[in-house]
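**Student:** Let me begin by handing over the structure; questions about it come next.
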Amino acid sequence: MDKHERESYHGFMSVGPLSKELFYASKKLMPGGVSSPVRSFASVGGEPFFVEKAKGPKIYDADGKEYIDYVMSYGPHLLGHAHPEILEKMQKSLSRGTSFGAPTGFELELAKLIVQMVPHLEMLRFVNSGTEATMSAVRLARAATDRNKIIKFDGNYHGHVDCLLVEAGSGVATLGIPGSPGIPQDVTKDTISLPYNHLQSVKDFLAKAPRDVAAIIVEPVAGNMGVVAPKEGFLEGLRELCDQYGALLIFDEVMTGFRVAQGGAQQRYHVRPDITCFGKIIGAGMPVGAYGASEDLMQKMAPVGQVYQAGTLSGNPIAMAAGIKMMKLLKEEGLYQNLELRSQYLADELVKSAEKKGVAITLNRVGCMVTIFFHEGPV
């Protein structure tokens, strides 16, 4: 990159004075000036822009600068920001109140829609985030099997749950943090992190500890270390090993759910997990998550069973209303075929552009999940 290109690059990345002022003020009141570490730009240089609003495919910062948004709040806005039908549904719900600490019909309606769309679900429980979903799924798996050990995979991120924050992806990988201070060693001693897409390492561990593993938790398509698709036979092999050794298979579909197919990765790859975790897409970007499984497994949760998990804001009516409209819109005929074509077009044009400029890249894509790696590959 010559001097002119470097100056152009830094000019493009620079933020306006109002974003700078907001960031400076925020750093005095919040660690790093942000509510989530990846927003700080600390690992990539520069300063974050502060968002003023978003609409459709565009996002606008506090200084009025317009961006095409390829992040979409990390996935949930498949239909674009501020979709008018979703906003209308939320506004109607908002006029009735924001939180009740009591059940609503919205929870039932959304649960029905999700169970209808995801192949291997019979029951589910709403929570407030993907982190809560994975935390609860692990607790359920341990209770159901009466075992403690959990297998996860290097670079897979399952939220900031203490026992899963080991060799994780997302901001942990971006910031180069292997785990986190504040998590006692005893909490992570039963977490085994193995190489993603390396089935033999799972076979080897299970052969040495055939009655110790409660569950294998996996991002069926890795997204938190950049998009890495499962190798042929990897997910199927995990299913077979879980059946062989009496462990449960947990699919963390916080990223892949309703994105790589209407029924998520389990539908795309025809593999049955025992427990499935979802995140913000089921609430159209609102703070929400869920975990679900067979009726037999889910009946182990309180108040029917003895496994406790609760939350005052779980099933929040605004989030449920947004999710109902989102799920109905995602059921429209041809939506996923159109999404696949658009994603393929974007990927092809990015590859052509890199070739034209002589830049070595590897582009990985599964459905509308796309990552450019500045490396010859494969990744």
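Rule-based calculations on the coordinates, nothing more; no lab input. Predicted model, so just to flag it, every value in this text is computed and none were measured. We place every Cβ from the backbone using ideal geometry, glycine too, and count neighbours over all the protein chains shown.
**Student:** I need the phi-derived Karplus couplings for segment 25-33: 6.51 cos²θ - 1.76 cosθ + 1.60, θ = phi - 60°, integer Hz, Gly and Pro marked x.
**Tutor:** Using θ = phi - 60°, the values come out as 5, 5, 5, 7, 10, 9, x, x, x Hz.
**Student:** Calculate the tail of P(r) for segment 29-167: the fraction of all Cα-Cα distances greater than 18 Å, expressed in %.
**Tutor:** Summing the P(r) of segment 29-167 above 18 Å gives 74 percent of all pairs.
**Student:** Return the percentage of antiparallel bridges among DSSP beta bridges fully within the chain, rounded to the nearest 5 %.
**Tutor:** Beta bridges within the chain, antiparallel portion: roughly 60 percent.
**Student:** So, one more: Give me, ordered by chain and number, the residues 5 or more places off residue 309 or on other chains with an amide H under 5 Å from its own placed amide H.
**Tutor:** Residues meeting the amide H criterion: 302.
**Student:** Per residue, how much space in cubic angstrom lies within the convex hull of the C-alpha atoms of the chain?
**Tutor:** 157 Å³
**Student:** Could you give me the ³J(HN,Hα) list for segment 121-135, computed from phi with Karplus coefficients 6.51, -1.76, 1.60 and θ = phi - 60°, whole Hz, x at Gly and Pro?
**Tutor:** My calculation for segment 121-135 gives 9, 10, 9, 8, 10, 7, 9, 9, 6, x, 4, 4, 5, 5, 4 Hz in order.
**Student:** If each of residue 123 and residue 295 carries a label point 7 Å out from its Cα toward its Cβ, how far apart are those two points in nm?
**Tutor:** Output for this residue pair reads 0.9 nm.
**Student:** Can you give me the Cα centroid spacing of segment 29-106 and segment 309-379 in angstrom?
**Tutor:** That distance is 17 Å.
**Student:** Still on this structure: What distance in nm lies between label points placed 7 Å from Cα along the C-beta direction at residue 148 and residue 341?
**Tutor:** With each label placed 7 Å out from Cα toward Cβ, I get 5.5 nm.
**Student:** Tell me, in nm to one decimal, what length is gained between residue 198 and residue 100 on full extension, where the rule is 0.36 nm per residue of separation less the Cα-Cα distance?
**Tutor:** Contour length minus the Cα-Cα distance gives 30.6 nm.
**Student:** Would you kindly derive the ³J(HN,Hα) couplings of segment 289-297 from the backbone phi angles with the Karplus curve 6.51 cos²θ - 1.76 cosθ + 1.60 (θ = phi - 60°), listing them in order in whole Hz, with x for Gly and Pro?
**Tutor:** x, 6, 9, x, 6, 5, 4, 4, 6
**Student:** Separate question: For residue 52, enumerate residues with amide H under 5 Å from its amide H, sequence gap 5+ or separate chain, H modeled in the peptide plane.
**Tutor:** Amide H neighbours of residue 52: 60, 61, 62.
**Student:** Which cross-chain or sequence-distant (5 or more) residues have an amide H under 5 Å from the amide H of residue 194, H modelled 1.01 Å from N in plane?
**Tutor:** 152, 153, 154
**Student:** How large is the Kirkwood hydrodynamic radius of segment 208-316, in angstrom, based on all distinct alpha carbon pairs?
**Tutor:** After inverting the mean inverse Cα-Cα distance, the result is 15.1 Å.
**Student:** Between 23, 234, 106, find the one with the highest GNM mean-square fluctuation for the chain; connect C-alpha pairs within less than 10 Å.
**Tutor:** With Cα springs under 10 Å in the chain, the top fluctuation among 23, 234, 106 is at 23.
**Student:** Which lysines, if any, have their Cα less than 18 Å from the Cα of residue 357, not counting same-chain residues under 8 positions apart?
**Tutor:** Qualifying lysines at Cα under 18 Å: 3.
**Student:** Right, next: If one puts a single equal scatterer on every Cα of segment 263-366 and applies the Debye formula without solvent, what log₁₀ I(q)/I(0) results at q = 0.18 Å⁻¹?
**Tutor:** -1.06
**Student:** If you don't mind, there's one more thing I want to ask. Quickly work out the residue 88-to-residue 348 label distance, labels modelled 7 Å from Cα along the C-beta direction, and quote it in nm with one decimal.
**Tutor:** In this crude spin-label approximation the distance works out to 3.5 nm.
**Student:** What per residue convex hull volume, in Å³, do the alpha-carbon atoms of segment 231-272 yield?
**Tutor:** Taking the convex hull of the Cα positions in segment 231-272, it is 63 Å³ per residue.
**Student:** Something else: Under a point-charge model restricted to the Cβ atoms of Lys and Arg (+1) and Asp and Glu (-1), what is the dipole moment magnitude of the chain relative to its Cα centre, in debye to the nearest 20?
**Tutor:** The calculated dipole for the chain is roughly 480 debye.
**Student:** OK, next. GNM on the chain, C-alpha springs below 10 Å: top fluctuator among 181, 317, 220?
**Tutor:** Comparing 181, 317, 220 in a Gaussian network model of the chain, the most mobile one is 181.
**Student:** Any chance you could run the full-extension gain for residue 21 through residue 304? It's 0.36 nm times the residue separation minus the Cα-Cα distance, nm to one decimal.
**Tutor:** 96.7 nm
**Student:** While we're here: Greater than 26 Å separation of Cα atoms is the criterion. Which listed pairs, 55/356; 280/328; 53/356; 89/280; 65/356; 28/89, meet it?
**Tutor:** Where the Cα-Cα span goes over 26 Å, the pairs concerned are 55/356; 53/356; 65/356; 28/89.
**Student:** Stretched out fully, how many nm does the piece from residue 67 to residue 360 gain, at 0.36 nm a residue minus the Cα gap?
**Tutor:** Length difference between fully extended and current span is 103.0 nm.
**Student:** Which residue fluctuates the most in the chain, going by a Gaussian network model with Cα springs under 10 Å, if the choices are 270, 120, 158?
**Tutor:** With Cα springs under 10 Å in the chain, the top fluctuation among 270, 120, 158 is at 270.
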